[in-house]
Amino acid sequence: KFLIFSYKEHILNKLEHDKTAIISHSSTHRNNIIHDFKECKIQNLVLNASQDCAGLNLQEADGIILMHTMQHCEIIQAITRIARIGRKSIKPIPVHCLCYSNEQLPDINQLYNSLSEINVPFKYILTS
């Protein structure tokens, strides 16, 4: 089960299918989608990185996909949607970040220092 983050609306819309749902801004729809994710009726959640990176408790997810590079603080916010106090699973939280040729990679050492208490294997996937 993955959380997929992007800023770009056209990317968000292309990712929705049977087992993947987009978190919308309607509170009723949003609560229903989150409930279905927690109950394993939905396998992946697509979230708007600028609006859904903070405040959600989605520790049932197994990993994160960032559809493009993000600022250091936004990556931490995305990761901490899963890495919450009381998380039942102690297995690593894989983070996959797609990086395009026109994007700059954030400082990976700064990320590792911030995440030293959380088991987070971070992987950049370079795309063209």
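The values are calculated or read from the model by the stated rules, or taken from the named source; none is laboratory data. Please read these numbers as outputs of a predicted model, since none were measured by experiment. Counting neighbours? That spans all protein chains shown, and the Cβs are built from the backbone with ideal geometry, glycine included. SASA here: full protein model, heavy atoms, side chains in, ligands and nucleic acids out. Shrake-Rupley method; radii C 1.70, N 1.55, O 1.52, S 1.80 Å.
Of the residues that sit in region 20-34 and are open to solvent by less than 100 Å² (accessible area, probe 1.4 Å) and touching a residue at least 24 places away in the same chain (Cβ under 8 Å), which one is nearest to L56 (Cα to Cα)? Reasoning before the result, please.
Of the residues in region 20-34, the ones open to solvent by less than 100 Å² (accessible area, probe 1.4 Å) are 20-24, 26-34.
Then keep just the ones that are touching a residue at least 24 places away in the same chain (Cβ under 8 Å); that gives 20-23, 34.
Values: T20: 17, A21: 15, I22: 14, I23: 11, I34: 9 Å.
Among those residues, the one meeting the criterion is I34.
Tally the residues that are open to solvent by 10 Å² or more (accessible area, probe 1.4 Å), within 15 Å of I23 (Cβ to Cβ) and in contact with a Lys or Arg (Cβ under 8 Å, 6 or more places away or on another chain), restricting the search to region 54-72.
Here the count works out to 4.
Name the residues in region 21-44 that are at pLDDT 90 or above and assigned to a strand (DSSP E or B), would you?
Scanning region 21-44 gives a single hit, N44.
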